[in-house]
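What follows is calculated from the coordinates using simple rules that are stated; it is not laboratory data. The structure presented is a predicted model; accordingly, all values stated were derived computationally and were not measured. Here the Cβ positions follow ideal geometry from the backbone for every residue, glycine too, while neighbour counts run over all protein chains shown.
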């Protein structure tokens, strides 16, 4: 008989002798590997050099992790330096969770751009190759939130409600055991985003960064409704969470780029015989 809810893991870390193995980190690493493989195959299919995307990842991933942590710290300073804050040492413990996706996107893109300049690669071509690969990485990475029992949604009585142990519940909800599994919603949404991008790329041969712009637009739409389910503390402006405003701005920028780039032609990134797939 199937359980009437989604259980949470009993632990988020295991130890191999003195070495802690954190599932949150493993989910991120798995996502990076998947994105590198998918992105590289797509890059080669578009005429690029094999192994270029893993080379870019060596730049983009460290930049992205730093940016993700800085965004989290900048938008939640009270958690570390406010009254009863955890302190500066805790702010450095990235393995305990606390990564902001928009910081990862901004700094990761900066790292990838610098790598493209270093290796003399087309940044737009690399971005399009990674367009369905990045949401797959995000889909895998979101399972780290499941292991950490964090960033869940509001209480629910739905049969797929996520059980949260009492030590991980938010003040004011200690009596609620089941919550919206926002990690699962976003993971499934991200997989859907990847499939739509692949379909659109095959249908219209999106070039010059338009595949990447489509990914950004689709992701921000999903992030918007998923944010509305969350109950963790967040800064708000005019009734919306900060991440909602960020999603709106990023969506508008991606949409504008998608339209403007579509008015220009580019003969260097694809040929009429290209048939992009998720891994090619």
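Numerical summary
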read-out: Within the stretch 171-188, considering residues that are touching a residue at least 12 places away in the same chain (Cβ under 8 Å) and over 28 Å from residue 30 (Cβ atoms), the one surrounded by the most Cβ atoms within 10 Å (Cβ to Cβ); value: 176
read-out: Of the criteria (1) more than 22 Å from residue 133 (Cα to Cα); (2) not in a loop (DSSP other than H, G, I, E, B), which one residue 173 fails; value: (2)
read-out: Any chance residue 6 is surrounded by fewer than 21 Cβ atoms within 10 Å (Cβ to Cβ) and either on the phi < 0 side of the Ramachandran plot or in contact with a helix residue (DSSP H, G or I) (Cβ under 8 Å, 6 or more places away or on another chain) (or both); value: yes
read-out: Residue within the stretch 150-158 that is over 20 Å from the mean Cα position of the chain (by Cα), at negative phi, assigned to a helix (DSSP H, G or I) and in contact (Cβ under 8 Å) with a residue 60 or more places away in the chain present; value: no
read-out: Single condition residue 113 does not satisfy, out of (1) under 19 Å from the mean Cα position of the chain (by Cα); (2) surrounded by fewer than 17 Cβ atoms within 10 Å (Cβ to Cβ); (3) farther than 23 Å from residue 223 by Cα; value: (2)
read-out: Selection count where residues are assigned to a loop (DSSP other than H, G, I, E, B), surrounded by 13 or more Cβ atoms within 10 Å (Cβ to Cβ) and without any contact (Cβ under 8 Å) to a residue 24 or more places away in the chain, scope the stretch 78-110; value: 2
